[in-house]
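The values are calculated or read from the model by the stated rules, or taken from the named source; none is laboratory data. This one's a predicted model, so the numbers in the text were calculated from it and none came from an experiment. Don't worry about glycine lacking a Cβ; one is built from the backbone with ideal geometry, like all the others, and counts go over all protein chains shown. Protein only, heavy atoms only, side chains kept; ligands, DNA and RNA dropped before computing areas. Shrake-Rupley method; radii C 1.70, N 1.55, O 1.52, S 1.80 Å.
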Amino acid sequence: MYDGDIDKILIGADELAARIHELADQISADYVDREPLLVGVLKGAVMLMSDLARALSRPVTMEFMAVSSYGSAASSSGIVRILKDLDRDISGQHVLVVEDIVDSGLTLSWLLKNLAARQPASLEVMALLRKPDAVKVPVPVRYVGFDIPNEFVVGYGLDYAERYRDLPYVARLKPEVYTR
Ligand code: IMP
């Protein structure tokens, strides 16, 4: 698959599965008396949503949202647009946002403000990956899969130009892929 495009596999499929099961156990315990509503952020979180939901030992419901940050200059201002909103009211629900990756944290902090205004009973975040810059912003990510270095990664939902989401692992691409 994608022969020759992959520079290095950073997190293998088995390692991803093991960590997701660990976090699922933790989440199942934390939500023992509450039914979480998983809010997946499209498209990057689809693989994680699907694996996480099946690893939890508690029933959950699922919703999806799609957002887009404006271009790189504007994204530093944290301006985000909703491409697809939730299908239902989340007031009084125990919302757990499921994110693929937190980089600058701007998308997530905007999203959390937006969701908090809808008055859920609780609001937490799970992110599969976190980059070093995210540590600088006050975005409360309760469950983190892996802290990774500041480099662009693809796979397991994450894309470059809409490709590579279907890779079963998280990887770094060869530099020449970006100059094609
Ligand atoms: P933030 O607002 O800077 O935290 O950006 C978060 C969004 O940027 C993520 O939801 C991804 O869609 C995208 N992103 C950030 N880093 C990467 C990466 O290494 N690979 C693929 N997408 C990324």
Handout entry: Hits in the stretch 19-28 - residues which are farther than 19 Å from Ile101 by Cβ and either open to solvent by less than 60 Å² (accessible area, probe 1.4 Å) or out of contact with any helix residue (DSSP H, G or I) (no Cβ under 6 Å at 6 or more places or on another chain) (or both)
Key = Asp25, Gln26, Ser28
Practice task
Kindly indicate whether any position in the stretch 29-36 is among the hydroxyl-bearing types (Ser, Thr, Tyr) and open to solvent by 20 Å² or more (accessible area, probe 1.4 Å).
Solution key: no
Handout entry: For Ala55: the one exception among (1) in contact with a helix residue (DSSP H, G or I) (Cβ under 7 Å, 6 or more places away or on another chain); (2) surrounded by 12 or more Cβ atoms within 10 Å (Cβ to Cβ); (3) within 19 Å of Leu10 (Cβ to Cβ)
Key = (3)
Handout entry: Tally, over the stretch 125-154, of residues that are touching a residue at least 40 places away in the same chain (Cβ under 8 Å) and in contact with a Pro (Cβ under 9 Å, 6 or more places away or on another chain)
Key = 1
Practice task
Could you please find all residues in the stretch 82-113 being open to solvent by less than 50 Å² (accessible area, probe 1.4 Å), farther than 21 Å from Ala53 by Cα and either β-branched (Val, Ile, Thr) or away from the ligand (no atom under 12 Å from the Cβ) (or both)?
Solution key: Thr107
Exercise for the section: For the stretch 110-128, indicate whether the set of residues that are in a helix (DSSP H, G or I) and more than 24 Å from Arg34 (Cβ to Cβ) is non-empty. Expected result: yes
Practice task
Working only within the stretch 114-137, note down all residues that are within 13 Å of the ligand (Cβ to nearest atom), farther than 27 Å from Pro168 by Cβ and open to solvent by 50 Å² or more (accessible area, probe 1.4 Å).
Solution key: Val135, Lys136
Completion exercise
Filter the stretch 138-172 for residues that are aromatic (Phe, Trp, Tyr) and at negative phi; the one that is farthest from the ligand (Cβ to nearest atom) is Tyr143
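So that you can scan it fast, the table gives a plain yes or no per residue for (1) modelled with pLDDT of 95 or more; (2) charged (D, E, K, R); (3) in contact with a helix residue (DSSP H, G or I) (Cβ under 9 Å, 6 or more places away or on another chain):
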site	(1), (2), (3)
Ser104	no, no, yes
Leu108	no, no, yes
Tyr156	yes, no, yes
Arg180	no, yes, no
Practice task
Would you be able to say whether some residue in the stretch 63-70 is among the polar types (S, T, N, Q) and assigned to a helix (DSSP H, G or I)?
Solution key: no
Practice task
Could you list all residues from the stretch 58-79 that are modelled with pLDDT of 95 or more, of a type in the set (A, V, I, L, M) and open to solvent by less than 30 Å² (accessible area, probe 1.4 Å)?
Solution key: Met65, Ala66
Exercise for the section: Starting from residues that are in a loop (DSSP other than H, G, I, E, B) and open to solvent by less than 30 Å² (accessible area, probe 1.4 Å), keep the ones in the stretch 37-52 and report whichever is nearest to the ligand (Cβ to nearest atom). Expected result: Gly44
